[in-house]
1. Does Leu75 qualify as being at pLDDT below 95 and aliphatic (A, V, I, L, M)?
2. Counting only residues that are of a type in the set (Ser, Thr, Tyr) and in contact (Cβ under 8 Å) with a residue 60 or more places away in the chain, how many does segment 2-29 have?
3. Of (1) closer than 16 Å to Ser4 by Cα; (2) out of contact with any helix residue (DSSP H, G or I) (no Cβ under 9 Å at 6 or more places or on another chain); (3) of a type in the set (Ser, Thr, Tyr), Ser91 satisfies all except one. Which?
4. Counting only residues that are under 18 Å from the mean Cα position of the chain (by Cα) and crowded, with 17+ Cβ neighbours inside 10 Å, give me the helices (runs of 4 or more DSSP H) lying completely in segment 1-85 with at least 2 of them.
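The values are calculated or read from the model by the stated rules, or taken from the named source; none is laboratory data. In this text, all values refer to a predicted model and were calculated from it rather than measured experimentally. Counting neighbours? That spans all protein chains shown, and the Cβs are built from the backbone with ideal geometry, glycine included.
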Amino acid sequence: MLDSCLDPAMASEITLQPVRRHDVDAGIFFSDIVIPLKLAGVDVDIVPGVGPVLGTPVRTAADVAALPVLTTEALEPIREAVRLTVAELGSTP
């Protein structure tokens, strides 16, 4: 799941498939809520039947303060996936 979200071509393709196949009103961008954590360098995985699991749980203010900073450069895979998707969507929102 996370690998697919971080591969711009894959994320774009997964977003576009329902638009192509079912002529839906809009594309819904394929991603996951934990992607910013992953891009910041947090050890996170999606465990089947469990959900997102952090390698080191965040339970205190000190844990929050120790989280890495998400840089704009780290977001490039998402920006590229959005560019690819928008280029293919045409007039579909």
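1. Numbers: at pLDDT below 95: no; aliphatic (A, V, I, L, M): yes.
Judged against the criteria, Leu75 is not a match.
2. Kept after step one, since they are of a type in the set (Ser, Thr, Tyr), are these residues of segment 2-29: 4, 12, 15.
Restricting the remaining residues to those that are in contact (Cβ under 8 Å) with a residue 60 or more places away in the chain gives 12, 15.
Result for segment 2-29: 2.
3. Ser91 satisfies all of (1) closer than 16 Å to Ser4 by Cα; (2) out of contact with any helix residue (DSSP H, G or I) (no Cβ under 9 Å at 6 or more places or on another chain); (3) of a type in the set (Ser, Thr, Tyr) except (1).
4. On the way: elements: 2-6, 8-22, 35-40, 61-65.
Output list reads 2-6, 8-22, 35-40.
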